[in-house]
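What follows is a short report on a single structure.
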Amino acid sequence: MSSIDEIKARIDILDLVNEAGVKLRRSGRNYLGFCPFHENKRTPAFVVWPESGTWRCFGECNEGGDIFKFLMKKEGIDFKEALQRLAERAGVTLERLQPERPEQREEHERLRTLLEDAMQFYRHHLFNTAAGKTALDYLLQKRKLTLPTIEAWGLGYAPPGYEGLLKHFTGRGYSEQDLLDAGLVSIIEDQGGSRRLLDRFRHRIMIPIRDEQGRLAGFGARIHPEDTRQDQAKFINTSETPLFSKGRLLYGLDRARKPIRSADQAVIVEGYLDVIALHQAGFENVISPMGTALTEDQLRLLKRFTRRIVLALDPDTAGQKAILRGLEAARASMDREQELRFDARGLLRHEARLQADLRVANLPDGLDPDEIVERNPDEWKQLIAEARPIVAHVLETLLHNRNADDPKVKTDIVQQMLPLIEDLPNPVERDAYRQMLARRLKVDERSLLTRTAPILPRARPGRTPPRQSQPAALPVRSPSESVESACLSLLLRRPDLLPRLDRRLQEASLAPLTTSDFGYTAYQLLLELLQKALEQDEAELTQFVQRHAAETLHETYAGLIAQPPPKGNDDRLLDELTRQILQLRRQALNDHLNQFRFLQEEAQQQGNTTLVAEYQKIVHDYTRLLNELDAARKKMSANRRE
Ligand SMILES: [Zn+2]
């Protein structure tokens, strides 16, 4: 995940726009207000799409972008400065996210070697000490792990003393600072105020945690089964270190990545030992977050391997309850939570933003995944296959053991479900879930519809009531990042296609490619650089971009040129590129059009005839543009077929 993505994920564009003094009101999936960049207090033409974190002014500016562009325009600053300010606000350290510097890489290598040594130290204690023997017996007998599995996953045992590891490793020449940096020891202050070091992990089963590339990053530590002290957490992890960042790691991903890719599905369970047991049973597409938190970073990481993700949550644990949590909580507070747990709203938001398919598998009461798979592997397969989309899962859970014929129960469930359904970005899905809800509760679907439109202006008494059908809701679609990145990725690797694309567009009486065809600031800037490089006849494009891009664009640039090499001959590539650019334009135009249709309808309901006329004219203009674009598209595809 690039630092740009990380900042975008952490900052809510609505906050940023609000702070700039723009009053936004919700309209459909989007938010609408007066543009802060041009003078006009009559026509709200400034739209924000929270899902994609983008905005656009449909009025005079006719311009849009993401949080960076907004701040750049608002404050009159350049990309680099906007990036620095927003990074600070988001708590993202830009420096740390740069590729490892040589001296940093060396330090990381040293820490990784130390961690590998520590793993051997813990392994030795598991197999060769009396206290370790009880831990080993637990793994073999209670958890039904085999010796080869225990070896393969590098499990170990941390002895109970306070200084066993500390003495062992300082004796072997490691510095106390190294041990601290690796997260193997902690500092405490004793009563006299002097600081001393002691082993962080004591009397625990040790589970090495590797990053997705298989590099050791830290440890998870489970309480010893015979440890009866009340004040001990069941699981602890390495504290945050240069190598260990629990929001970015997924346990088992180094082993699961290939199986996930080939199954095109990842299954998330809650415990490290469950991951191991499932892999042992042949279900190798299973991973676990660190503790119970599941972050958007982790989902983003996972998305590199699959979009289809199943959460297999134990109904007993916090995870399952938490998925229902927040249904009644204020949306605002949910949006601000950075580390979302398994709560339905947060997950749905991630799902939409990441274009992922998240489902929930319902595990039978009181059974852990490893017990299910031990009892009957087919049962596990079945449970995963029956995983339901989040909304359906929430509904079934709410209905569980309740009488759906009781009007009170109906009302309660509708009140909990509707906000969730309204939040879905896809209107088709929204309709489908409303129907499902109506069917399950045996209520009239229309009664659900009327509740979902609080944002629409109420008809004034004495005026024509609003028509039965809903006014055209604002468009859900937002600038499509994937199409934008595909176009730019191709152009950066094949800059020679850009003049040919422009020629094609001009032949069809369309404008050449401009930065406003893209919605994301980093892409806009890279296209600008590319155009400059071509103008100046730069032979070595890569060097030009590297010389001129703000350092922070390198990451985006590297990500774009690292995509799979383009396939097909030049004509095919050009066809595809043209198609995608026109698709972006069509989508933007469509958004404009729907926006103004919505406003027109609203003005009509308010009886403001001047505004209606104004909007009508704009709608007319956009319709004409859209028709022109479609005609050009048709002509171009006919030409291609000849
Ligand atoms: Zn404007």
Positive dipole terminus of the stretch 3-97, leading residue within Met72, Val22, Ile4 (C-beta point charges): Val22
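Per Stokes-Einstein, at 4 °C and 1.567 mPa s, what whole-number D in µm² s⁻¹ belongs to the stretch 481-641, with the Kirkwood radius over Cα pairs as the hydrodynamic radius?
It diffuses with D of about 74 µm²/s by this estimate.
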Heavy atoms of Arg200: accessible area, 1.4 Å probe, square angstrom to 10: 70 Å²
Calculated Rg and Dmax of the stretch 3-97 using C-alpha coordinates, Å: 13.4, 46
Residues of the stretch 482-507 with amide N under 14 Å of a point placed 7 Å along Cα→Cβ from Glu576: 483-494
17 Å reach of a label modelled at Asn639, 7 Å along Cα-to-Cβ, counting backbone N of the stretch 560-593: 570-583
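Ile561 to Lys144: FRET efficiency via 1/(1 + (r/R0)^6), r the Cβ-Cβ distance, R0 45 Å, to the nearest 0.05?
Step by step, r from the Cβ atoms, then E = 0.45.
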Spin-label pair Lys381/Ile223, simplified geometry with 7 Å Cα→Cβ offset, distance in nm: 3.7 nm
Cα→Cβ-extended label distance, 7 Å offset, between Ala20 and Asn40, nm: 1.5 nm
Nonlocal amide H pairs with Gly218, under 5 Å, H built at 1.01 Å: Ile209
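Applying a 10 Å radius around every beta-carbon, put 164-174, 184-194 in order of their mean neighbour count, most first. Display every interim value, and only then the final one.
On the way: 164-174: 15.5, 184-194: 11.6.
Ranked by mean Cβ neighbours within 10 Å, highest first: 164-174, 184-194.
Using a Förster distance of 51 Å, how high is the FRET efficiency between Asp431 and Glu535, based on the Cβ-Cβ distance and rounded to 0.05?
Working: r = 49 Å, r/R0 = 0.96.
Once the sixth-power term is evaluated, E becomes 0.55.
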Residues of the stretch 508-525 with amide N under 19 Å of the 7 Å Cα→Cβ point at Glu628: 508-518
Cross-link reach list, lysines versus Lys303, counting only Cα pairs under 19 Å and skipping chain neighbours closer than eight places: Lys8, Lys246, Lys258
Packing-based ranking, highest mean first, of 356-369, 247-260, 560-573 given that Cβ atoms within 10 Å are counted: 247-260, 356-369, 560-573
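Gain in length, Asp78 to Ala404, computed as 0.36 nm per residue apart minus the alpha-carbon separation, to one decimal in nm? Show your work: numbers first, answer last.
Working: separation 326, 0.36 × 326 = 117.36 nm, distance 5.72 nm.
Length difference between fully extended and current span is 111.6 nm.
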Proximal charge balance of Glu189 [Cβ under 12 Å; K/R count +1, D/E count -1]: +1
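What is the extension gain from Thr610 to Glu371, computed as 0.36 nm multiplied by their sequence separation minus the C-alpha to C-alpha distance, in nm to one decimal? It would help to have the intermediate numbers written out before the result.
Numbers: separation 239, 0.36 × 239 = 86.04 nm, distance 6.91 nm.
Computed gain between Thr610 and Glu371 is 79.1 nm.
Add +1 for every Lys or Arg and -1 for every Asp or Glu among the other residues with Cβ under 11 Å from the Cβ of Pro565, and state the total. Write down the numbers at each step before the final one.
On the way: positive: Arg493, Arg494, Lys567; negative: none.
Surrounding charge for Pro565 is +3.
Subtracting the Cα-Cα distance from 0.36 nm times the residue separation, let me have the gained length for Glu116 to Arg89 in nm, one decimal. Walk me through the numbers on the way to the answer.
Details: separation 27, 0.36 × 27 = 9.72 nm, distance 3.60 nm.
Using 0.36 nm per residue and subtracting the Cα-Cα distance, I get 6.1 nm.
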Built amide H within the under 5 Å cut-off of Ala266, gap 5+: Arg308, Ile309, Val310
Separation in nanometres of the label points that stand 7 Å from Cα toward Cβ, at Thr411 and Gln543: 7.5 nm
Protection proxy ranking, peptides 43-56, 127-140, 590-603, 228-241, average beta carbon neighbours within 10 Å, highest first: 43-56, 590-603, 127-140, 228-241
Evaluated over the stretch 106-237, the Cα radius of gyration and Dmax, each in Å: 14.9, 48
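The values are calculated or read from the model by the stated rules, or taken from the named source; none is laboratory data. Source: prediction; values computed, not measured. Quick reminder, even Gly has a Cβ in these numbers, built from the backbone with ideal geometry, and neighbours come from all protein chains shown. Just the protein is used for accessible areas: all its heavy atoms, side chains included, with ligands, DNA and RNA removed. Shrake-Rupley method; radii C 1.70, N 1.55, O 1.52, S 1.80 Å.
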